[in-house]
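Structure first, commentary second.
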Amino acid sequence: MRKMPVRFYAFFVLPTAIAFLISFLIPFLLGIYLSFTEFTTVTNSHWVGVENYVRAFSEDNDFWNALVFTAKFAAVSVVLINVFAFLFAFLLTRKIRGANGFRTVFFMPNLIGGIILGYIWQLILNGILINFGVDITFDAGYGFWGLVVLMNWQMAGYMMIIYIAAIQNVPPELIEAASIDGAGALQTLRRITIPMVRPAFTICTFLTVTNAFKLFDQNLALTAGAPGRASSMLALDIFNTFYGRNGYEGVGQAKAVVFFLIVGLIVLLQLFFSRRKELES
């Protein structure tokens, strides 16, 4: 086959490259620069060095509290979402009536916007908690578990679809051979199915980790960080710093850069260990 002329590469790649530069790379680099400045608009910034980073970590504990809250939330959510998603996928790949209908129902919450989900679950949870004389903002613990429930309800169905695809790609010959050798259902699941779907675990863990750390609109709608800022996650804390405090735009931008580095490091470590586990298997 003849190679495509170079001019066609430019024709197809250039529009995407320009869009990438305008919508991502230039704002990203500009954001890093602004984190070292004091500014109210891009045109009136002046250099202050690392002062914004010092202020982000020293002037109040909101950022540290949000980091701890987000890390706990991510740890719990990642485990529960993947456990429920794999369990649903395993059950719905068995020969049961209405499996396609259940798949659709479990996947549908992922199609609903985060703000709407937050307000829906606020009404549901407050309707339950009011019987005990409290609401979702009474204590940070209520907000924490409310966010966990919301996140599981929204994402488990999406992860389930990925696990279903992986389970269906397990060669039936392996399952049949294990059955002939006398392996039970649990042994087959542990020794064959789970090792064969490890790439799906890597993908789903990556998606759940990144989504858990970046959660914003659900947090804003469900608790808005109340009581006080005890249930604020990192993204909401950055938003409140940038838009809610005069003169703190640079501090908010510095927090955003630190947030990017934290999430990037966690995701790279997760991918490294997951890939190594796949190779060992």
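The values are calculated or read from the model by the stated rules, or taken from the named source; none is laboratory data. Keep in mind it's a predicted model, so treat the numbers as computed, not measured. FYI the Cβ positions are ideal-geometry reconstructions off the backbone, even for glycines, and counts take in every protein chain you see.
For this structure, a couple of remarks:
- Counted residues, the range 63-87 - those being aromatic (Phe, Trp, Tyr) and closer than 16 Å to residue 205 by Cα: 3
- Among the residues making up the range 4-35, a single one is surrounded by fewer than 11 Cβ atoms within 10 Å (Cβ to Cβ), among the hydroxyl-bearing types (Ser, Thr, Tyr) and closer than 30 Å to residue 53 by Cβ: 23.
- Close pairs (7 angstrom Cβ cut-off, 6 or more residues apart or separate chains): small (Gly, Ala, Ser) in the range 18-45, assigned to a loop (DSSP other than H, G, I, E, B) anywhere: 45/39
- Which listed residue, of 68, 54, is outside the structural domain of residue 261 (by TED's automatic domain parsing), among the β-branched types (Val, Ile, Thr) and more than 13 Å from the chain's Cα centre (by Cα): 54
- Of residues in the range 225-260 being among the polar types (S, T, N, Q) and part of a loop (DSSP other than H, G, I, E, B), the one surrounded by the fewest Cβ atoms within 10 Å (Cβ to Cβ): 246
- Positions within the range 115-135 being among the hydrophobic types (A, V, I, L, M, F, W, C) and not in a helix (DSSP H, G or I), in sequence order: 134
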